Amino acid sequence: MGELVPLSASTRDKLAKVLSLTDSEIEAEALAAVMAARRIMTANCLTWSEILAPPLLSPDEDDETDDDADEPVTLSVAEAVDYCLDRSAALTAWERQFLVSLRGFERISERQHETLCRILAKCHAADER
């Protein structure tokens with residue numbers, strides 16, 4: 001979880017196919033589908049939060065860009081922290097302290113990742129105002 005990386009299209013498609021099998025009325029098939037999804041997630045170092053959250057986009061990405069607009073831009077933890085700290089006026093003291101505490105870490109926990117995503121979204125929304 002060091003890099004905040006969106007799902008690849010092939011992994012997303014594979015997961016979607018496997019998870020669609022959870023609709024089975026046969027309990028064993030539905031359970032097997034969940035277990036298969038977990039294996040895919042583990043093999044790709046993914047968490048449920050990373051699967052369900054939208055990809056992190058570069059804060060300066062313009063909606064009116066060229067053909068590359070469909071390709072999400074990934075941010076490292078350090079890049080996301082720096083982006084947010086550059087907009088510290090939009091942050092609470094706790095959020096600033098949290099971001100500073102992440103400096104120097106290449107890997108962060110799932111909960112830290114979720115909090116970082118929330119703060120990044122807040123900073124991005126402040127930029128759009």
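The values are calculated or read from the model by the stated rules, or taken from the named source; none is laboratory data. None of the values given here were measured: they were computed from a predicted structure. No Cβ is skipped: glycine too gets one built from the backbone with ideal geometry, and neighbour counts run over all protein chains shown.
List of remarks:
- Test: residue in segment 74-82 that is surrounded by fewer than 17 Cβ atoms within 10 Å (Cβ to Cβ), at pLDDT below 85 and under 15 Å from the mean Cα position of the chain (by Cα): yes
- Boolean, Asp127 is surrounded by 11 or more Cβ atoms within 10 Å (Cβ to Cβ) and modelled with pLDDT of 85 or more: no
- Leading residue by the ranking (nearest to the chain's Cα centre (by Cα)) among those in segment 94-111 that are surrounded by fewer than 11 Cβ atoms within 10 Å (Cβ to Cβ) and more than 16 Å from Leu46 (Cα to Cα): Gly104
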